[in-house]
Each structure stands twice: as structure tokens, then as C-alpha cells.
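Below: the structure, in C-alpha cells.
The values are calculated or read from the model by the stated rules, or taken from the named source; none is laboratory data. Since the structure is predicted, the reported quantities are computational estimates derived from the model, not experimental observations. Ideal geometry is used to build each Cβ from the backbone, glycine not excepted, and the neighbour counts take in all protein chains shown. Ligands, DNA and RNA are excluded from the accessible area calculation, which covers all protein heavy atoms including side chains. Shrake-Rupley method; radii C 1.70, N 1.55, O 1.52, S 1.80 Å.
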Amino acid sequence: MLTLAEEIAFILLVVVLGGLTAVGFRGIATLVRSGRAAPPREDVPRRLMSALIDVGLQRPIFKARPVLSTFHAFIFFGFSFYFLVNVADLFEGFIPGFALAYGAGGAAGPFLGGVANLFNLVADILSVLTLVGMIAFLVRRFGMKDKRLSFNDGVLLHPGVQAGGVRRDSAIVGTFIMLHVGSRFLGQTLRLAETGKADPFMPFASLTSLAFGGLSASALSLGIHVTWWTAIGLIVCFLPYFVFSKHIHLMVAPLNLGLIKPGPRGLLDPAVPKGAPDDMAPGAAQLQDLGWPRLLDAYACIMCNRCQEVCPAHGSGRPLSPAALEVNKRYLFNHHFTSLAKGEQADIPLLAMAISPEAVWSCTTCYACVRVCPVGNEPMADIVDIRRRMIYDTAEIDSGIQGALEGIGKNGNWFGKVARTRARWAKDAGVPIKDATKEPVEYLWFVGDTASFDQRVVPLTQKVARVLSHAGVDFGILNNEERNAGNDVRRVGEEGLFEMLVEQNMKAFGKAQFKQIITTDPHSLNTLRNEYPQFGAEYPVHHYTAVLLELLEAGKLQVTEKLGRYLATYHDPCYLGRYNQGYEPPRRLLELAGMRFAEMPRNRENSYCCGAGGGQIWLGSAPAGERPAESRIREALETLSPITGDAEQLLFVVSCPKDVVMYTDAVKTSGNEGKIVVRDIIEVLEEALGLTEPAGLPDTAQVPV
Amino acid sequence: MKIVVAIKQVPSLADEVELNAEGTNLDFDAVDFVLNEWDEQAIEQAVLVKEAGSGAVTVIGVDATGELDGVLHTALAKGADAVAKVAGEFEPGLTSHAQARLLSSAIIDMAPDLVLTGVQAPDDLDGQLGPMLAALMDLPYVGVVNSVQVSGRTATVHKEYAGGLMAEFSVQLPAVIGIQAASQPPRYAPVSKVRQLAKTATIEEIETAEDELESGLSVRSMTRPVSVGHADMIAGDAKAVAGRIIAILNERGLI
């Protein structure tokens, strides 16, 4: 079909622009490799294969925004099939007489003709679907101006982003797709118009071909040539743009998903790579201090802002956007591309150029951003690394966080209490509690700071002790030898203090005899289960909800009273749910307690953080705006109020000591006292088990004179 | 500008302290040692002086606990430039005289421009160490200071008096200053950095010819304070409490 001149022009174009693109891609590879080492990726071929399958089924993107994801799937399937279409079009261009319409012209025989018909049908339908998807995206971005694509006030943005770079990039990519797919579709239309015959296997093109029936043969031939160039020639012209465009996500996203961090969600990468020199500063101050996977993240990012949408800091109006962090990184790469592509170290201070200190300290490390990201990015890991260096350089540490760290360093807790008062709660627990360092026990109960010291939580800790004791569970505590487990210390960036706490707790474990660990605190659970094994402490670690369920199912605890008078909803704590998949035991317990139950819209994987994690509970200043916990109480009331029926009481059930504190507070500050009550699951269960002590104050005021 | 900070460790009072079998001192095997909190202020003030101008901070102590290295690494993490300890075998409970002799003989060879130390310590409530250091090195001394500014060869210091009175002194350097509080709260020492320095930093060991460790005083006995009475708690409702109060007043012949 092509003339000789056209063929030569095309080949020249491929050589020049293809070569340029190859140089650009090699530059990207060099740039990504200039990041710090990361834990080795294992089993890469298998993981890449499973990433490809996931992408092929569009699983990662359907984690959120189902309607938009459907349009994305149209474009994705269209584009994937277009690899074949483009090859076919190349053949049509370069092999005289090659054409696929009408079952490859009837010359191919019944089998190949059938294949051609199938191919034409799929291509015809997918072309239209791709165009529909792309129009939907363009309308949403430029027509409806979806607010989710904009950022909170105060979010640090690269000048290129401020100048509308993402919009421009989107416009260019959108135009390219419309032109490329549109031209190909139009080309097929004109081919059908040339013969004047419809092809039943190209229904859409047959339909549009009717509009071109009146054109002259030369006009049609010219049209076919022009559309070939605007379909196939355009791809070649577009290739170098990939190097700088977010559209490169179509290649990097599957790669990024395949190279995702091995191991559990709750295990952070070390603060310095394994085997690094002793004097290497931990964490990241410069962009290239980040691990190479964090650099690759910026190339996988398609700038969809889904991470921002689920971020509790963003939701409460704070200047943190995980998306902006990735976008800024990418714009910084583009800006410094020439030197970075050569493998040079560029001066790109993260806190000045990628994310503000205030944003860094707004993160609750709830993992929602990582969980929802369709391309496998981990913006939270960047933030922890930046905190690590800020702590190391003692730069801009909030006074509340400093106080907590100093207290933990000195006394092993952040309540400002001396270490020897840690187990004071156990004295008035009402049941004897064994000292696991003095006698062997089955379960070591790792109590944690909040459950040991917070006066609002201590009565709940004591209830857990009584219920466990009632069920005949053989358990003990480390008494005053226990230290803060270090989960939040690590996430605040104090890696050294975290390591010290691990050593101290492991020393205490060494003095005790036990087989398994139980805790009420999801934060302690996370680090004990997922991070302590790296230091050699490998024990099965259970949340109390899982143990209580086992006891009920084994008949060691029996429900004596069904609590049908309550209507409850349940909040998944980040570190029990999203991090450790402890979704079912709490729900089963509520079911066994016989209460009416309704899920909030944001539940399980999509649960919304209470706002306390990652050191937020230590921060000295409370930011303005609706706090995450208040938003959650509102969500609970919106869920339960319309279906209250004859329920005597609405319950907001939690299973984390920090949640007790956060939500009890939020009910008051949001003015919802009397409408809903926060209950720890142990209180609910105690009532259902008929173990509640008689009402009234315990008789402790008798002091002999 | 060479700034030297003399520090020492003291028993932690967060835990119960116990007496030794002879009843002449604390049982040092049963206590945890921490850096004297006034010395912590002195380190902070030294680093602030350095940051305001120029110079280098050296922190020095006598290792009487076997645990001084950790304290010195922490000082480095807070911004000290060098750390040193007096070489030798020492036992906990060194007297202020011994501390002063050992430290001054090491510090004097450093030719310091400014020597800072905590104005007092739990085992030196009368604040002897600073004046003794100054006397042994033949330098001027100002104590109970909560701000130090250096300009040229002169330090301007603020000294606190009772009743909230404040005096400003100009001190010719070199001098010894006893620090009550630094002009800012002590900064955080990241454990990440402390642990890293524990692997990489070097602690200079300074030999000294000083071997006189006695103070000329000996402790005959050390005892816990004797309780001379305690409060009675009266429980019950208002009527019962009032009745009991009247009964007590009657017993004592007060009404």
C-alpha cells in the first residue's frame, strides 16, 4: 500500500526516533539504579508473570473507582490488542496486496479467513470501546473538572505541576490515543468505503463507511494513506515522549508490580541497606538517597490521585498528598534528566522540592495509599525514610514526638511513667496475673504502653485479664521488663531506638518461658509478628480477638446473653486489618454476641485510619479541620442512624487501645455524645458472657484510720 | 575557641536506691547510672555557644561506672566534636575532690578557652566540682548560670539569684562556668546516631599523673530518712468524718 518514498520515510523515522527513545529508556534505567539498594527481590520471573496476569485482568485498578476503572479497562484492552493491530497495519503498509478486511479478502482460505474475521471483529469493537473510554476520561478531566485531581492547599508542588504540567501531559496523551485509534478506525472505514461493501465482522466500521460512500477513489486512497500515517506513524513520533510522560506507566506499572517488596506489609525496609558502610546516614535527605524501588515508583505513577483520596491526612485538610510526592519526584527526574541519565548524583533535597516537613509529619502510616495504588507504589515508604533522616539530623522534630521518644528511651514508655510502674494495672485486675519471667506460661501477654498506662484503657486491660483467666488460659506478662514494642517508634523514623527496644524486649523474652504471644495492641502485634523475626524473635503472635474467638469456638467461653438490644458497627484498626488481615475474628465475635450489625462503607481493606498511628498521637499540636476520627464517627452515625429501629443503643466497636482513646474523644469533640457509644470488643463480650461485675463503684475507698 | 565540658554519671533516682552492706554509701551494683542532668544542660549550652560562633566542643569524663562510653556517644550525637575520658580504673562514688583533680589535670593540657560543667549533681548538691576545677586550674568561676554568650575573649553570662533576681557578668576567658540551665532545652540525641557513633567514633583516653583520690573526709554512716509521722486518712460520709475529727481533737485535748 505504501509508496517507496513513504516506506523509506517510515524506516528513517523508526531508526531516528526509536534510537532516541532507546537512549532515553537506558537513561531511566541508569537513573533508577542510582537509588540506594533495597532488599533483594526474590522469584522475579514468577512475580512478573503474576503481575502481568493481574494487569491483564485489571485487578489492581478495580480496588477503587469502579466506573472509571471500567473505562480504563476499555482503553487497556484496546491498547493491548492494538499491539497485534499495529503489526497487522505494518503488514498492510509494507506487503503489497495484504489486507485483512472481508476475511483477508477471501484469498486466505476458510481457516485463516476465519482468524482474520475474528481479528477484525475484536479490533473493530475494541477501537470503539477505547475511544469511548478515552472520551470519558477527557470529559471527566477537562469537562467535569473532577475535584479528586486537584490538591489540598499548602501541598508542595513542583513548579512544572503548578504550571499545569499534569493537565498538559494528559491532554497530549489523550489526543495521541484519540488520533491513533481514531485514525486506525477511520482507515478501516475508508477501506470498506473503497469497495462499497459492508463487512459483517467490522460492524462499526461498516456503519461509518456509509458516510464516505460518495468520495472519489483518489480521495479515498489519499485518506487511507493519511490515516495509516496518523495511526502507525504517530506511534513512532510519540515514542520519545514516553520518556517524559506519565503515559510510560503502561510499561513501568507491570514491571513495578512484579518488583514489589517481598514479605509482609508490616515489615519496613531497613534504614540503611544491608552491608552498607557503618557511617552511612539512615533514610533519605536527597532524592537519590531513596531506595531504587522508590525511584521506579515515580515512573509507574499515572497521577490518578487515588492514594490521596484515601489518605486520612488529606481527608482532614492537611498538606500531605502521597500523589503529589510521586508526581514531584517524576517532575524532578524530568527536570534533571540529562545529568541523572548519566548516573550522576544531583542535588535534589526532598524536603525543599518533593514534600514539605509538615506533610511528612502528617502521615499516620495507615498503609491506605500503598494498598489502593493500582501500580504498586509505596509513597509511605518514602515518608518513613525522610523521617529517618530528619530524626538522625535532629531537624524539625515536633516537641511532642521528641518527648515521647525521650520517654521511651529512658523509661520504655511514652506516658512519662517510670518503668517499674508498668505492671501496676495488674495489681487490681481482680485475678492473679503470672510473671512470665518467673514461671512458664503458654501465652506471653505483651501489654503495650496504652493498655498499661492510659487510665481510660486500663479497666479494659483488666477485663481482658479476667476473661482470659475465666476461660482458663495460661498466660503471664513480662511485668516491668516489657518495653514499648517500637512499632510507632520505627515509623516515626527513630530506627536506632527501635533496635534498642527490640534488644530490650528480646532480653526480657529470653528470661521468660512461653510458647506464643498475645496482645490487645495491633501496633505491637504488627512489629512483633512481622519485624521481630528479622532480629531472631520468632513466635506466633495473636491478637486477643483471635484468641477469644478460638475460646468461644472451643466452648471454653459461652455466650449467656444475646445482645440484640445493640446496633453496632466495627472499626478495623489499620495495624490489625490492612496490615495483618485480622478482619474476621472481631466480626465473628460480634455475631456470636448476638448484636445487630452493619458495616460502614469504608471497611476491611478500605478502613479509614483513626489518625493516631505513625506517631500522630504524640504530636504536640492538634491541626485544625475535621480529624479522621471525627469523620469516622460521622460515617458510623450515617450508617447506623437510618436503621436504628428498636435498638436501645448504637455502638462503635473497636479492638485497639488507641482507638478507645481516639474515638471516645472524637464522639465528644464532634458533639455526638449520647448518640453513639464507643466500646472495646472486650466490654461487649464480657456482657454477652455474663461476666460483667455489678454496677457501682468498686469498693476501694476504705482506708483504715 | 576550644570549649570543654566536664561531665559525670550519677545514680538514677527513678528507681529505688539501696544502701550497701556497711551502710556507708549506696549499693552501686543495684543502681542504674544516668548522666547528671545539669551536665546535660552544660553540653547543650556548649553546643549552642559553638553554633553561635565557632570552635569545637570536647566532652570529658572519668569512667567510674564502665558505662561512660554511651554517654560520650550521646554527647557526640548532640553535636560535640570530640570526646575523651580519663584513663584508669575507677570505682563508682568518686568524691568531688577526686573528680576535680582527675578532670582538671586532663583539661588543663587541652588549653581550653571555656570550661562548662553542671552547677550541681544529686551527689554534689552543694556544687563543689565547678569551683574546685577552677581553683585547680587557676581560672575564674561563675556558677548557677543559665545563658552564655561569647564575644572575642569575653563571655557574657546570666547568673540566677534567689527570688528571681538575675545578674549579668562579663567573664574574661578562659574561665569555668557552672551551668544551671542552657538557654534552650537540651536537644534530642537520636539513638540512630548514637548507635552509629558507637561503631565509628573514637574516644580519646587521657593519661594523668594524678593518683590522689581521697578527699580527706570519710563517711561514717548513711541512712534513709527516718519517718517521723504520717497522715491519717479519714474515710466515710461527711457525718462519720466530722465525728472522727471531733474525737481526734478531743483525744489531743484541743477542744
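Between the Cα long axis of helix A:4-33 and the first principal axis of chain A there is an angle of about 20°, rounded to the nearest 10. For the residue pairs A:LYS261/B:LYS193; A:LYS417/A:LYS675; A:LYS417/A:LYS658; A:LYS515/A:LYS556, alpha carbon separations beyond 25 Å are given by A:LYS261/B:LYS193; A:LYS417/A:LYS675. The residues packed around A:GLY223, meaning those with a beta-carbon under 10 Å from its beta-carbon, carry a net charge of 0 if Lys and Arg are +1 and Asp and Glu are -1.
Specify the angular offset, from 0 to 90 degrees and rounded to the nearest 10, of the alpha carbon long axis of helix A:66-94 from the longest principal axis of the alpha carbons in chain A. Computed tilt is about 30 degrees. Centre-to-centre separation between the Cα atoms of the range B:106-141 and those of the range A:9-48: 64 Å.
Whole-percent P(r), the range B:187-255, all Cα pairs, 10 Å bins from 0: 12, 16, 11, 15, 13, 14, 16, 3. Within chain A, A:CYS237, A:CYS301, A:CYS304, A:CYS311, A:CYS363, A:CYS373, A:CYS610, A:CYS656 have no other Cys Cβ under 4.7 Å of their Cβ and so lack a disulfide-compatible partner by this rule.
How would A:GLU584, B:GLU251, B:GLU44 line up by accessible area, probe 1.4 Å, largest first? Let's see the in-between values first.
Numbers: A:GLU584 90, B:GLU251 125, B:GLU44 5 Å².
So, going from the largest accessible area down, we get B:GLU251, A:GLU584, B:GLU44.
Using a 1.4 Å probe, how large is the accessible area of A:HIS249, given in Å² and rounded to the nearest 10? Accessible surface of A:HIS249 is approximately 30 Å². When a 1.4 Å probe is rolled over the protein heavy atoms, the share of accessible surface on chain A that falls to carbon and sulfur comes to 61 percent. Measuring with a 1.4 angstrom probe and ignoring ligands and nucleic acids, A:LEU222 comes out at about 110 Å² accessible.
Counted over the range A:88-242 with a bin width of 10 Å, the fraction of Cα pairs per bin, in whole percents, is 10, 32, 29, 16, 9, 4, 0. Here the mean projected area of the convex hull built on the C-alpha positions of the range A:471-519 is 4.0 nm². GNM on chain B, alpha-carbon springs under 10 angstrom: the most fluctuating residue among B:GLN45, B:GLN128, B:GLN196 is B:GLN196. Secondary structure note: in the range B:2-206, about 40% of the DSSP beta bridges are antiparallel.
Over chain B, Cα pairs under 8 Å with separation of 6+ residues give a relative contact order of 24 percent.
Here the sum of -39500 (n - 2.57) over DSSP H runs of 4 or more residues, divided by the residues of chain B, equals -8500 deg cm²/dmol at 222 nm, to the nearest 500.
Per-residue ellipticity at 222 nm from helix content only, as computed over chain A with -39500 (n - 2.57) for each DSSP H run of at least four residues, stands at -16000 deg cm²/dmol. Taking the range A:197-287 on its own, what percent of its Cα-Cα pair distances exceed 20 Å? Percentage above 20 Å: 69. Size descriptor for the range B:2-206, Kirkwood hydrodynamic radius: 17.1 Å (Cα pairs only, one decimal). Amide H contacts under 5 Å for A:LEU290: A:ARG36, restricted to partners 5 or more places along the chain or on a different chain, H placed in the peptide plane at 1.01 Å from N.
Using a 1.4 angstrom probe on protein heavy atoms only, the contact between B and A buries about 1900 square angstrom of accessible area, both sides summed.
Let me have the relative contact order for chain A, percent, based on Cα pairs under 8 Å that are six or more residues apart.
On the way: 1127 pairs, mean separation 88.4, N = 705.
Relative contact order here is 13 percent.
Running Debye on the range B:125-255 with equal point scatterers at the Cα sites and no solvent, what base-10 log of I(q)/I(0) appears at q = 0.22 Å⁻¹? Here the Debye-derived log intensity ratios amount to -1.24.
Solvent-accessible surface of protein heavy atoms, probed at 1.4 angstrom with all chains present, puts A:ASP297, A:ASP279, B:ASP27 in the order A:ASP279, B:ASP27, A:ASP297, largest first.
Taking only the C-alpha atoms of the range A:488-571, Rg followed by Dmax gives 17.0, 50 Å.
Which whole-number percent is the relative contact order of the range A:489-578 (Cα, under 8 Å, 6+ apart)?
Values: 59 pairs, mean separation 24.0, N = 90.
Answer for the range A:489-578 is 27 percent.
Each part gets one Cα centre, and for the range A:378-398 versus the range A:293-327 those centres are 17 Å apart.
Suppose we take every Cα in the range A:105-176 and form the convex hull; what volume per residue is that in Å³? Please list the in-between numbers first.
Details: hull volume 8.8 nm³, N = 72.
So the per-residue Cα hull volume is 123 Å³.
Per-residue surface analysis assigns B:ASP237 an accessible area of about 100 Å², computed on protein heavy atoms at 1.4 Å probe radius. The DSSP beta bridges internal to chain A are antiparallel in roughly 5% of cases.
The angle separating the long axis of helix A:495-511 from the principal Cα axis of greatest extent in chain A is about 50 degrees. Each principal axis of the protein assembly as shown carries a Cα extent, and these read 125, 77, 48 Å when sorted largest first. Ranked by solvent-accessible area (1.4 Å probe, protein heavy atoms only, all chains present), the residues A:CYS304, A:CYS237, A:CYS609 order from largest to smallest as A:CYS237, A:CYS304, A:CYS609.
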